[in-house]
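A quick write-up on the structure given underneath.
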Amino acid sequence: MDAIIKNSLEKSMSYQDYRDLVAELASNNTTSGDQKTEALANYTKLNDKRMKRWDKTIKVPDLYQSQIKNSDASLTWLVITESWCGDAAHIMPVINKVATLNGNIDYKVVLRDDNPELIDAFLTNGGRAIPKLIMLDNATGDVVGTFGPRPSEATAAVNKYKEEHGSVTPEFKENLQRWYNKNKGENIIHDLTTKLNELHLVAK
């Protein structure tokens, strides 16, 4: 595991580098990942627009800001993603807003299909679901937490829908996009702050 994570970190990029990559892919009508389909290229274009909007508009409420800044754990947040992923387009800008509030957090990004061993070590219900955030203790290199592929409220809604209908439908996915827009990142911020608080208490 240590070697897999180390290898992925060596190939990682900053959030800004990832944003630049998505913008370049969108302008060239293509996508990241092994599959280069027209549909995925169109999702990459849409996600570039989404992230531009979220980068400008996401605000962390004061209540959470104080807790995030209070965490003294030295961490690397390594996110596994692809440019076409709809959930990632909503989530990654929020992770960035949280990370920038605490100088002890180093936010890094890797692409899923370029790091198959890494994603296979962090499967969700047996699947390579993204985005997946791996929280690493910089002092020990240990994995001290994970987050994703969706925030807690969205995960609960997806699980309930699957129980009732067997699988998610295009209509449900559209409703989920509307939920992200209405929630404005607060559930993501809540979940990340909770994890930081837990690490802070353990360190004490």
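The values are calculated or read from the model by the stated rules, or taken from the named source; none is laboratory data. Keep in mind that what you see is a predicted model, and the values were worked out from it rather than measured. Note that each Cβ is placed from the backbone with ideal geometry, even for glycine, and that neighbours are counted across all protein chains shown.
With respect to the conditions (1) free of Cβ contacts under 8 Å to residues at least 12 places away in the same chain; (2) in contact with a Phe, Trp or Tyr (Cβ under 8 Å, 6 or more places away or on another chain), L133 falls short on a single one, namely (1). Taking the conditions (1) under 15 Å from K195 (Cβ atoms); (2) among the hydroxyl-bearing types (S, T, Y); (3) crowded, with 20+ Cβ neighbours inside 10 Å; (4) modelled with pLDDT of 95 or more in turn, T76 satisfies each one other than (3). Would you mind stating whether G33 is under 21 Å from P149 (Cα atoms), touching a residue at least 40 places away in the same chain (Cβ under 8 Å), in contact with a helix residue (DSSP H, G or I) (Cβ under 6 Å, 6 or more places away or on another chain) and of a type in the set (G, A, S)? So G33 passes the test.
If the condition is being touching a helix residue (DSSP H, G or I) at 6+ places or on another chain (Cβ under 7 Å) and of a type in the set (D, E, K, R), then region 153-204 contributes E153, D191. Just checking, does region 141-158 include any residue being under 17 Å from Y15 (Cβ atoms) and of a type in the set (A, V, I, L, M, F, W, C)? Checking region 141-158: at least one residue is under 17 Å from Y15 (Cβ atoms) and of a type in the set (A, V, I, L, M, F, W, C). Scanning region 36-60 for residues being farther than 21 Å from V110 by Cβ and either in contact with a helix residue (DSSP H, G or I) (Cβ under 8 Å, 6 or more places away or on another chain) or of a type outside the set (S, T, N, Q) (or both) gives a total of 11. Here Y180 meets the list (1) within 17 Å of the chain's Cα centre (by Cα); (2) hydroxyl-bearing (S, T, Y); (3) at pLDDT below 95 almost entirely, failing just condition (3).
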